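The values are calculated or read from the model by the stated rules, or taken from the named source; none is laboratory data. The structure presented is a predicted model; accordingly, all values stated were derived computationally and were not measured. Glycine also receives a Cβ, built like all others from the backbone with ideal geometry; neighbour counts cover every protein chain displayed.
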Amino acid sequence: MFRNQSQSQDNKYYDILGVKRESGDDEIKKNYRKLAMKHHPDKNPTNKEEHEKKFKEISTAYEVLKDPEKRKIYNELGEEGLAGGMPRGNPFDIFENIFGGGMGGMGGMGGMGGGHFRQQKRRGKDRIEEIPIELEDLYNNTVKKIEIKQKVCCLDCRGKGVKDISFIKECTGCRGKGMVMRIVQVGPGMIHQTQSMCDKCHGEGKHIDPKGKCEICLGNKLVVKNKIINLPIEKGFKDNKKIVIPDMAHYEPGLDEQGDLILILKILEHPTFKRDGSNLIYEKNILLSESLCGTKFKLFHLDGREFKVIMDDIVKPNEEYILRDEGLGKDKYNNGDLIIRFNIIFPDSLNKERKQYISKILPILTEEITFSEKVEEKYLENVGERINIEEVNLDSHQDEGGGGVECAQQ
């Protein structure tokens, strides 16, 4: 028999925070604040390891119970139900989010957690480049050489921007810390302490003496280099495919990690062939006589091969004809098809003699049609190509009544 899992008996996290299953969010948060302050390692230097373990248990329990979805899973399935989705956040980050940088105005506790808070790694921005790909490159699976201009660390000064480190001076605005503390009054008798980047040195904590700038990078710490990337164009590549090259964005000094270079492949339109997934489409204009009597024509494929394409049967309007496996690569072993679409070109006019000749060799209407003596004759007039109005993007125009045709807004 299956075990009823509608309600788990696991109360571990509720017990850790000293609350009941039916406790509300405010009570859970209140108890977490009280216990976190009590067991924070920096408040208990004599038995730090014991309190650090307790502090992590409290933070784990709170991160589950504060989240409605995680709490529901825990209530129904217990701690086992959270396997694979257990909280992995830094417990000190949770504490920081609750109390803020000023530690709730706890005076001497402003430096709490100094040895425990993990500094978030600073990562550079990713660089995005669109790479045009010819249809020939895709069909032939070529290796495309791409030239990229990249800002790199100046090797002459090793990214310091100066001839000698003696020309690097401490910022007077932040005293070399890169960050400054600001106190903001949020109410009568209430102040909030915030930390922000130093505007004077942009967070570096130092500045360069202009007299000692590196002569190669002129103090910018960067130089521009041309780099060649050999990019294999593989079968099955789609338009807008992304290729990520790690750590090859423009170099940004002073960061822990550099950004990635992201190449977005843009497959260009081809003057002869169109793409339809892995199929290629080729449009061929033929005369009406060719559509009836058969046709042959020369076709150069994307790899330079010359084809003699032969069609012996009658070509009917709006029908497609294919050359198997002559399309783009689907994968390593299969190709799409080359689809031929014929556009039948009708003559603008025929003289009486040609009409009589054609009527003799083509099927004609055998049923005799009779008309009354007083029948009225009407001749059709060619008014041009029929246009499907649903395919037309109309501009806004005002009619006589002041109303207008509105374009669809995206």
Inset, instruction - Please indicate, with yes or no, whether at least one residue in the stretch 251-271 is in a strand (DSSP E or B), more than 24 Å from the chain's Cα centre (by Cα) and closer than 30 Å to residue 140 by Cα. - result: no
Inset, instruction - Answer yes or no: is there a residue in the stretch 344-357 that is free of Cβ contacts under 8 Å to residues at least 60 places away in the same chain, assigned by TED's automatic domain parsing to the domain that holds residue 287, among the acidic types (Asp, Glu) and assigned to a loop (DSSP other than H, G, I, E, B). - result: yes
Inset, instruction - State which residue is modelled with the highest pLDDT when the search covers only the stretch 275-301 and only residues that are within 29 Å of the chain's Cα centre (by Cα) and loosely packed, with under 15 Cβ neighbours inside 10 Å. - result: 276
Legend entry - strands (runs of 3 or more DSSP E) fully within the stretch 121-194 counting 1 or more residues that are at pLDDT 90 or above, within 30 Å of residue 263 (Cβ to Cβ) and not acidic (Asp, Glu): 127-133, 143-153
Legend entry - Test for residue 82: is it modelled with pLDDT under 80, surrounded by 13 or more Cβ atoms within 10 Å (Cβ to Cβ) and among the hydrophobic types (A, V, I, L, M, F, W, C): yes
Legend entry - Count - residues of the stretch 221-250 that are in a strand (DSSP E or B) and of a type in the set (A, V, I, L, M, F, W, C): 9
Legend entry - Counted residues, the stretch 311-330 - those being assigned to a loop (DSSP other than H, G, I, E, B), touching a helix residue (DSSP H, G or I) at 6+ places or on another chain (Cβ under 8 Å) and in contact (Cβ under 8 Å) with a residue 40 or more places away in the chain: 1
